[in-house]
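The values are calculated or read from the model by the stated rules, or taken from the named source; none is laboratory data. In this text the structure is predicted, and so the values were computed from the model without any measurement. Positions of Cβ are backbone-derived with ideal geometry, glycine not excepted, and every protein chain shown enters the neighbour counts.
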Amino acid sequence: MKCPFCKADNDRVVDSRASENGWAIRRRRECQSCGRRFTTYEKAEQEIRLRVVKKDGSRVAYDSNRLLEGLHRACHKRPVSEEAIQRTVREIEDEVVAKFDTEVPSSFLDEKVMEKLARLDQVAYVRFASVYREFKDVSEFVSEVQSMARKDSAGSGGEK
């Protein structure tokens with residue numbers, strides 16, 4: 001395993017345990033070169049490959065990297081940690097595995113990403129929503145932001 005900080009291939013496992021939902025093994029590692037610690041997850045490959053049903057009806061193999069890339073784009077230059085993004089992907093995958101056997105609609109994935117981003121970072125949420133909902137002009141963008149502001153003030157009792 002290469003250290004994400006110094007890129008050395010010299011680490012030791014400090015701690016191993018099953019992840020919260022049992023879908024992977026979480027390993028805490030320490031780089032022997034730079035001394036920094038990092039976490040890795042080992043996940044078993046699914047025997048039955050999950051397929052995503054796109055808006056046009058086509059089907060493609062599920063790829064968690066696409067979900068991760070979408071979250072990275074939405075959270076670019078936002079105060080969202082890599083750990084929070086990884087956790088979000090795991091939470092969405094847990095929901096997908098619990099609810100679907102072989103195929104998942106892309107709309108389900110998109111809605112779950114928006115639901116998680118709304119709680120994680122509102123700017124990232126609006127970025128993702130603008131692509132997913134295919135905003136045609138500024139008024140649609142403003143409408144989404146106003147809707148989010150109303151939900152936010154209702155959820156916090158109107159206090160900010």
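Of everything in region 84-125 that is within 23 Å of residue 40 (Cβ to Cβ) and β-branched (Val, Ile, Thr), the residue that is surrounded by the fewest Cβ atoms within 10 Å (Cβ to Cβ) is 97. Every test in (1) touching a residue at least 24 places away in the same chain (Cβ under 8 Å); (2) loosely packed, with under 13 Cβ neighbours inside 10 Å; (3) not assigned by TED's automatic domain parsing to the domain that holds residue 133 is passed by residue 79 save one, and that test is (3). In the set (1) basic (Lys, Arg); (2) touching a helix residue (DSSP H, G or I) at 6+ places or on another chain (Cβ under 9 Å); (3) touching a residue at least 12 places away in the same chain (Cβ under 8 Å), residue 133 fails one condition alone, (3).
Just for region 98-133: of the residues that are in a loop (DSSP other than H, G, I, E, B) and not hydroxyl-bearing (Ser, Thr, Tyr), which one is modelled with the lowest pLDDT? My answer is 133. Quick one: in region 60-97, of everything that is assigned to a helix (DSSP H, G or I) and basic (Lys, Arg), which residue is farthest from residue 121 (Cα to Cα)? Across region 60-97, the extreme among qualifying residues is 66. Counting just the residues of region 45-62 that are in contact with a strand residue (DSSP E or B) (Cβ under 8 Å, 6 or more places away or on another chain) and not β-branched (Val, Ile, Thr), which one comes out surrounded by the most Cβ atoms within 10 Å (Cβ to Cβ)? Applying the filter and picking the extreme gives 62. Every test in (1) surrounded by 13 or more Cβ atoms within 10 Å (Cβ to Cβ); (2) free of Cβ contacts under 8 Å to residues at least 12 places away in the same chain is passed by residue 69 save one, and that test is (1).
Name the single residue, out of those in region 134-154 being surrounded by fewer than 10 Cβ atoms within 10 Å (Cβ to Cβ) and among the acidic types (Asp, Glu), that is farthest from residue 55 (Cα to Cα). Per the criteria, the residue is 137.
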